[in-house]
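Undergrad: Handing you a structure now.
The values are calculated or read from the model by the stated rules, or taken from the named source; none is laboratory data. Predicted, not measured: the structure shown is a model, and the values here were computed from it. So basically every Cβ, Gly included, is an ideal-geometry build from the backbone, and we count neighbours across all protein chains shown.
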């Protein structure tokens, strides 16, 4: 699944447009590499989002098969590894 769609589908971002903006501004990293919106996300990837004052890291547990998932099921798809800052 594409990075921009994944961030939106698992509720890391509220809208896909927000995910696309974050990717355009190079604040999203996949396995310590700046991610582009078409980057394919796979199980086991580490996604890091660097905000101004903090950084969030997520480990991909599974890829959703639907366009969106309930926020209550977020833990099935990603595991929050750390929150720094």
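Undergrad: For the range 45-65, give me each residue that is loosely packed, with under 13 Cβ neighbours inside 10 Å and touching a helix residue (DSSP H, G or I) at 6+ places or on another chain (Cβ under 7 Å).
TA: The answer is 62, and nothing else.
Undergrad: Same structure, new question: Need pairs with beta-carbon distance below 8 Å; first residue without any contact (Cβ under 8 Å) to a residue 24 or more places away in the chain and within the range 61-81, second not in a loop (DSSP other than H, G, I, E, B); sequence gap 6+ or separate chains.
TA: Final answer for the pair search is 61/76; 61/77; 61/78; 61/79; 62/76; 62/77; 79/58; 79/59.
Undergrad: Scanning the range 13-37 for residues that are crowded, with 16+ Cβ neighbours inside 10 Å and touching a strand residue (DSSP E or B) at 6+ places or on another chain (Cβ under 7 Å), which turns out farthest from residue 48 (Cα to Cα)?
TA: So, considering only residues that are crowded, with 16+ Cβ neighbours inside 10 Å and touching a strand residue (DSSP E or B) at 6+ places or on another chain (Cβ under 7 Å), the one farthest from residue 48 (Cα to Cα) is 37.
Undergrad: Scan the range 2-16 for residues that are under 16 Å from residue 66 (Cβ atoms) and in a loop (DSSP other than H, G, I, E, B) and jot them down.
TA: Of everything in the range 2-16, those that are under 16 Å from residue 66 (Cβ atoms) and in a loop (DSSP other than H, G, I, E, B) turn out to be 10, 11, 12.
Undergrad: Shifting gears a bit: Filter the range 29-65 down to the residues that are in a loop (DSSP other than H, G, I, E, B), under 19 Å from residue 84 (Cα atoms) and modelled with pLDDT of 95 or more and list them by number.
TA: Within the range 29-65, 31, 32, 45 meet the criteria.
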